[in-house]
Amino acid sequence: MKDLEERGHLLTEQVNPNSQNLDRLTTLELVDLFNNEDAKTLNAIAKARIQLAAAIDKTAKSLAQGGRLFYVGAGTSGRLGVLDAAECPPTFCTPPELVQGIIAGGAGALVRSSEDLEDRAEDGAEAISHRHITELDVVVGIAAGGTTPFVHGAIQAARQRGATTIFMACVPLEQVKIEVDVDIRLLVGPEILAGSTRLKAGTVTKMALNILSTGVMVQLGKVYGNRMVDVAVTNKKLQDRALRMLQDLTSLSREEAGFLLERSGRQVKLALLMYWTRLDKEACEHLLRQHHGNLRVAVEKGLEARG
């Protein structure tokens, strides 16, 4: 890697020729320019499809064995990791410790810029040590420009502990090299506002994280078909979604679905298993534990048991 003081060669730092006259555009021209540039994120994801699939497979395997998933980043990259981690419990009913976000500067950096803290590789290593990362865990380093010392320190420390390591960056491999198990490069080109990686780079990173975490949860049996059967029913919106899901997947009326949801302890997955197998709650809970929460497998085994 080139000296950290010399970053002008990085793809994310270069000047976009399409936005040279940004300050002279009409607002409609500006919006159209953003739209055209943001379209490049789809192609970047498509070109990284093999690496994204590998990341999903490795992460799902680790989590199925009792491991955890950690996102590590600074600035926008760190905030995106924390956001994706925070959205897993309400979406998939996962325990908060299963997917965690680590951002340089801690929680305060979520709402107030603390980009100067990204230059401390030792802080990244300390964050890995503090969370007692092991060989069962997965650490995803996120760095749009690829050079963030905090992220590199974390990745190196995680590798030393035997963890699976994944890297996401928006610069080509030849510009920034790193030793990891899966290297994901999301090449969207220079930003409309030179160097402002909260734009296209941030968008494509959010897309990649969406794919990674959702793909992992699908592999872990948190989804049935395309339904969030492990959704946490914690408010009226989610209760309505749970009831509609039960109605759509069964022949129950809304009132009957409500009774079933309450009998299951407000757990959609358990409610569906009880309905389809006609087994009691305790038997269905045992089935789900036995088959690692995979509803489809639990239903098949439950129906086999009933003959």
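The values are calculated or read from the model by the stated rules, or taken from the named source; none is laboratory data. In this text, all values refer to a predicted model and were calculated from it rather than measured experimentally. Glycine also receives a Cβ, built like all others from the backbone with ideal geometry; neighbour counts cover every protein chain displayed.
Against the definition (in a helix (DSSP H, G or I) and assigned by TED's automatic domain parsing to the domain that holds T205), how does H152 come out, yes or no? In short, yes.
Of all residues in segment 249-292, count the ones that are in a loop (DSSP other than H, G, I, E, B) and more than 23 Å from N235 (Cα to Cα). Qualifying residue count for the region: 6. The single residue among M207, M217 that is under 29 Å from V15 (Cβ atoms) and within 15 Å of the chain's Cα centre (by Cα) turns out to be M207.
Given G293, G215, which one is in the same structural domain as L98 (by TED's automatic domain parsing) and closer than 19 Å to T94 by Cα? Full working, then the answer.
Working: G293 fails: in the same structural domain as L98 (by TED's automatic domain parsing).
Residue meeting the stated conditions: G215.
Screening L238, L252, L173, L212 for residues that are surrounded by fewer than 21 Cβ atoms within 10 Å (Cβ to Cβ) and either hydroxyl-bearing (S, T, Y) or in contact with a Leu (Cβ under 8 Å, 6 or more places away or on another chain) (or both) leaves exactly one candidate, L252. Only one of the numbered conditions (1) closer than 25 Å to V15 by Cα; (2) crowded, with 22+ Cβ neighbours inside 10 Å; (3) more than 20 Å from the chain's Cα centre (by Cα) is not met by G153, and that is (1). Does E118 satisfy the criteria of being more than 20 Å from the chain's Cα centre (by Cα), within 18 Å of T197 (Cβ to Cβ) and assigned by TED's automatic domain parsing to the domain that holds A60? Yes, satisfied.
Among the residues of this structure, M245 counts as one that is among the aliphatic types (A, V, I, L, M), free of Cβ contacts under 8 Å to residues at least 40 places away in the same chain, in contact with a strand residue (DSSP E or B) (Cβ under 9 Å, 6 or more places away or on another chain) and buried (at least 19 other Cβ atoms within 10 Å of the Cβ).
Looking across I128, I133, one residue alone is out of contact with any Gly (no Cβ under 7 Å at 6 or more places or on another chain) and not in a helix (DSSP H, G or I). It is I133.
Of the conditions (1) more than 30 Å from I45 (Cα to Cα); (2) in contact with a Ser or Thr (Cβ under 9 Å, 6 or more places away or on another chain); (3) among the charged types (D, E, K, R), K236 satisfies every one except a single condition; which number is it? So K236 meets the others, but not (2).
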